[in-house]
Amino acid sequence: MQLVSQGGPAPRHLFVIFGATGDLSYRKLIPALYHADQDPKAHEGHAILGVARAALTDEQFRIAAAEALTQSGVHKADAERWANKTLFFQSLGESGPKEYQALRTRIETLEREHKLPGHRAFNLALPLPAFAPTVERLAEVGLNKSPGWTRLIIEKPFGQDLSSAKALNDLIHKYYAEDHVYRLDHYLGKDTVQNILVFRFANSMFEPIWNRDKIEKIEITVAEQLGVESRGAFYENAGALRDIVQNHMMQLVALVAMEPPALIEADSVGNEKVKVLKSILPLDKEHVVFGQYGKGMMGNEVVPGYLGEKGVAPNSNTETFVAAKLSINNWRWQGVPFYLRTGKRLAKKATRIVVTFRRPPVAMFDTYGSCVFTQNRLELLLQPDEGFNMTVDVKQPGSGLHLQTQRMRFRYAEAFGKLPEAYQTLLLDVVRGDRTLFVRSDEIETSWELFDPVLQNRPELKQYASGSWGPQEAEDLLVSRGHQWTEI
Ligand code: BG6
């Protein structure tokens, strides 16, 4: 069993980034590693080896990385100093056995030169089809083992469907024990997402009412204003269900709905997440809406529809929007609908969870004509404007009995300033050996079991205008239950 990190420094190690010249590496991983290094308690020392097919020298990689850091707001001189001291590069060229043998030699040389004891983290920042061959090649030259620990970091997507996810997990387990595998879903690195458990289990007022007796419905929205940008080709093989729902949103569902874990550590939390995911009833096709954005207005700008984006087939039926109603068939949640929606080119960027509580048993104020009664609501604002709102009805001052809904609010920015980037938290957890915020193989497979049938029997695609909240059918999904989406 993995021990919980107590926040102590990680031992000296080598951090290896596969796909080091890619967008994810320059935009997220390198800045995260740079910022983590600013904390003297982060680790006792490390070297970072970038690996990619490109034929770069150490020097060229350092220049590119320093430039990316500068663009992200780091002072140029600081970025260059850090890059020169910390970064190295090894080209994989044709990615054959010879190149992997050379990689092994380079790793061992760096470890000798920098007095690193053989602890290694391999971050596969690669497209999905490259995962399996890379895992195989690493094992062929014995790089799945080391004199210290070896940890494998895999970025989502974890498979394309249930069978490919199983095949990938089986392959990984051939060479690595599950507790050496860190499946990274960046949502779990967000402080506001981790705060869901703190909110529920550190505040005794919520747990007694966090169930079907007091909660009427739960809405989870992951809305983006951006379209697919330059990722059309990638997105064509993904779609919103694979890109957001199967992973990020199901993690949110699990954290909101799970039972309290025995301990806040990887296995206890993972067990509870799997338990609740297994309690979700198979999705009824009638309860899933797929949409695709057409052209529309984002602010004052006219934007093209999905079919007009680069890399997208002219007759593509890839969904850029999903709404769904989930039912969790357990003692806590039976009968409480979980409404999910996500999409690109929606009206606002907002990730939030809205919990609506039931009406009081006696609606005594409804008898007053001028009273507008609103059900209590808790809104967890995961991003942006991170924090929460809680709505309560109060009496308006003055004569007569008039109710008004007021929002009590908390904002992270006001209390703590800027939040750290998700990747910074997660990469540090890897080298500290804390798997609590990573996704287990059985979580992935349970989630795919739910969505595989939807992909095999896809709902009809509905159009929505860019800048809207998605197709009308996503509204109708709630109306049939007398509900509606809470305004964002
Ligand atoms: C990624 C998806 O996992 O999450 C992207 O591949 C999406 O399509 C992104 O834009 C959203 O992340 P965030 O942190 O902005 O909600």
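Worth a mention:
- If you go through segment 304-317 and pick out every residue that is assigned to a helix (DSSP H, G or I), of a type outside the set (A, V, I, L, M) and open to solvent by 50 Å² or more (accessible area, probe 1.4 Å), you end up with 1.
- In segment 319-350, the qualifying residues are those that are in a loop (DSSP other than H, G, I, E, B) and buried (at least 22 other Cβ atoms within 10 Å of the Cβ), and the one that is nearest to the ligand (Cβ to nearest atom) is 344.
- Scanning segment 134-147 for residues that are in contact with a helix residue (DSSP H, G or I) (Cβ under 9 Å, 6 or more places away or on another chain) and not hydrophobic (A, V, I, L, M, F, W, C), we see that the one that is nearest to residue 53 (Cα to Cα) is 137.
- Taking helices (runs of 4 or more DSSP H) as the structural unit, those lying wholly within segment 39-139 and holding at least 2 residues that are out of contact with any Phe, Trp or Tyr (no Cβ under 6 Å at 6 or more places or on another chain) and within 17 Å of residue 150 (Cβ to Cβ) correspond to 97-113.
- Listed by first and then second residue, the pairs linking a residue in segment 473-488 that is touching a residue at least 40 places away in the same chain (Cβ under 8 Å) and under 21 Å from residue 348 (Cα atoms) to a residue that is in a loop (DSSP other than H, G, I, E, B) and among the basic types (Lys, Arg), with Cβ atoms under 9 Å apart and 6 or more places separating them unless they lie on different chains, are 488/348.
- Options 458, 407, 440; residue that is surrounded by 17 or more Cβ atoms within 10 Å (Cβ to Cβ) and of a type in the set (Lys, Arg): 440
- Residues being of a type in the set (Val, Ile, Thr) and open to solvent by 30 Å² or more (accessible area, probe 1.4 Å) - total across segment 287-303: 1
- Screening residue 42 on (1) at pLDDT 95 or above; (2) within 13 Å of residue 424 (Cα to Cα); (3) in contact with a strand residue (DSSP E or B) (Cβ under 8 Å, 6 or more places away or on another chain) shows it passes everything except condition (1).
- Residue within segment 220-229 that is outside any helix (DSSP H, G or I) and either within 19 Å of residue 459 (Cα to Cα) or hydroxyl-bearing (Ser, Thr, Tyr) (or both) present: yes
- Selection of segment 466-488 for residues being of a type outside the set (D, E, K, R) and open to solvent by 50 Å² or more (accessible area, probe 1.4 Å) yields 469, 472, 479, 480, 482, 484.
- Every condition in (1) open to solvent by less than 30 Å² (accessible area, probe 1.4 Å); (2) more than 16 Å from the ligand (Cβ to nearest atom) holds for residue 131 except the one numbered (2).
- Residue within segment 407-414 that is over 25 Å from the mean Cα position of the chain (by Cα) and more than 16 Å from the ligand (Cβ to nearest atom) present: yes
- Pairs, first closer than 19 Å to residue 387 by Cα in segment 397-411, second in a loop (DSSP other than H, G, I, E, B) and open to solvent by 80 Å² or more (accessible area, probe 1.4 Å), C-beta under 7 Å, six or more apart: 411/385
- The lone criterion from (1) more than 16 Å from the ligand (Cβ to nearest atom); (2) within 27 Å of residue 284 (Cβ to Cβ); (3) in contact (Cβ under 8 Å) with a residue 60 or more places away in the chain left unmet by residue 305 is number (2).
- Residue count for segment 45-76, restricted to those that are in contact with a strand residue (DSSP E or B) (Cβ under 6 Å, 6 or more places away or on another chain) and under 21 Å from residue 126 (Cα atoms): 11
- Residues being in contact (Cβ under 8 Å) with a residue 40 or more places away in the chain and away from the ligand (no atom under 16 Å from the Cβ) - total across segment 219-260: 6
- For first residues located in segment 119-133 and among the polar types (S, T, N, Q), partners that are modelled with pLDDT under 95 and lie 6+ apart or on another chain with Cβ distances below 9 Å form the pairs 123/155.
The values are calculated or read from the model by the stated rules, or taken from the named source; none is laboratory data. All figures in this text were calculated on a predicted structure; none of them were measured in a lab. All Cβ positions, even for glycine, are placed from backbone atoms using ideal geometry, and neighbour counts span all protein chains on display. What goes into the accessible areas is simple: the full protein's heavy atoms, side chains included, and nothing from ligands, DNA or RNA. Shrake-Rupley method; radii C 1.70, N 1.55, O 1.52, S 1.80 Å.
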